[in-house]
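The values are calculated or read from the model by the stated rules, or taken from the named source; none is laboratory data. Everything numeric in this text was worked out from a predicted model, so none of it was measured. So basically every Cβ, Gly included, is an ideal-geometry build from the backbone, and we count neighbours across all protein chains shown. Surface accessibility is based on the protein's heavy atoms, side chains included, excluding ligands, DNA and RNA. Shrake-Rupley method; radii C 1.70, N 1.55, O 1.52, S 1.80 Å.
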Amino acid sequence: VISLLVGALYNIVDQIFIANADYLGSYGNAANTVVFPLTVIALAIAVMIGDGCCAFSSISLGKNRSDSAAKSVGNAVVLSVLSGVALTTLIYLAFANPIIELFGGTVNSETYAHSKEYFFWITLGLPFYVFGQAMNPVIRADGSPKFAMFSTLAGAVANIILDPVFIFTFR
C-alpha cells in the first residue's frame, strides 16, 4: 500500500513543481499529463514481471526448490532490462511523434514542445524505472519488505529534492 501511495506521489509532486515554474505553467502540466500514460504502461510491464517472479519464487521456496527460485529472479532481471530497453528504443523513441499525438500532445505548439522534451527525458529513464519497479516485489518476496519500502521511499525523497533543482535551477 505504501509503495502504491508513494508511486502516486511522484506524479503529484511533479505536477506541483511544474505548475509553480513560471516558464512552464499549465503547458508543462499538460505535457506531464500527455507523457504520464507511458510510465503507466512501463509500470504495468514491470509489475507483470516482478509479481510473476515474486509468486513463482515464493512457490519454489515453499517447495524447497531454491535453485528454481534463483533462476526465476535471474530471468526477471534479464526480462525487466530487456523490456525496458525494448520499450524505450523500439517503441517509444521510434514512434515518439505519433505517441505524443495519440495522447493529445499536439493540442497547441507550447504543449507539443514541452511534451516532446519531457517525453524524451522520461523515455531515457524508463529502463531503470522498469527494472526498479520489477525488482521491488522480488525483494519483498525474498524476505526484505523493509528494504523494499525504504528504497521506494528513498526514490520519493530524491524526487522531491531533485524536482526543484532540475525544474527551477536547470530549467
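Restricting the calculation to Cα atoms, the range 99-161 shows an Rg/Rh of 1.18 when the hydrodynamic-style radius is the Kirkwood one.
The C-alpha atoms of the chain define a longest principal axis, and helix 25-62 lies at about 0 degrees to it. Relative contact order of the range 79-160, taken over Cα pairs closer than 8 Å and 6 or more residues apart, is 35 percent.
If you average the C-alpha positions of the range 1-58 and of the range 116-163 separately, how far apart do those two centres end up, in angstrom? What the calculation gives is 10 Å, centre to centre. Build a GNM of the chain with springs between Cα atoms under 10 Å apart, and of Tyr92, Tyr129, Tyr23 the one that fluctuates most is Tyr23. In the context of the full protein assembly, Arg140 retains an accessible surface of approximately 110 Å², using a probe radius of 1.4 Å and ignoring ligands and nucleic acids.
Towards the positive end of the charge dipole of the chain, with charges on Cβ (+1 Lys, Arg; -1 Asp, Glu), say which of Phe120, Ala96, Phe150 has the farthest Cα. Going by the Cα projections, it comes out as Phe150. Fully extending the segment from Val157 to Thr106, taken as 0.36 nm per residue of separation minus the present Cα-Cα distance, adds 15.1 nm. Taking Cα centre as origin and charging only the Cβ of basic (Lys, Arg, +1) and acidic (Asp, Glu, -1) residues, the dipole magnitude of the chain rounds to 580 debye. With every protein chain in place and a 1.4 angstrom probe, the accessible-area ranking of Ser26, Ser60, largest first, reads Ser26, Ser60.
Between 0 and 90 degrees, the angle of helix 66-86 with respect to the longest Cα principal axis of the chain falls at about 20 degrees.
Can you tell me the accessible area per residue over the chain, all protein chains present, probe 1.4 angstrom, in square angstrom?
Ligands and nucleic acids excluded, the result is 58 Å² per residue.
Normalised by the number of residues in the chain, the mean separation of alpha-carbon contacts (under 8 Å, six or more apart) gives a relative contact order of 36 percent.
Across all Cα atoms of the range 42-171, the radius of gyration (one decimal) and Dmax (whole number) stand at 17.9, 59 Å. Probe radius 1.4 Å, ligands and nucleic acids ignored: give me the carbon and sulfur share of the accessible area of the range 81-165 as a rounded percent. In the range 81-165, the share of accessible area belonging to carbon and sulfur is 74 percent.
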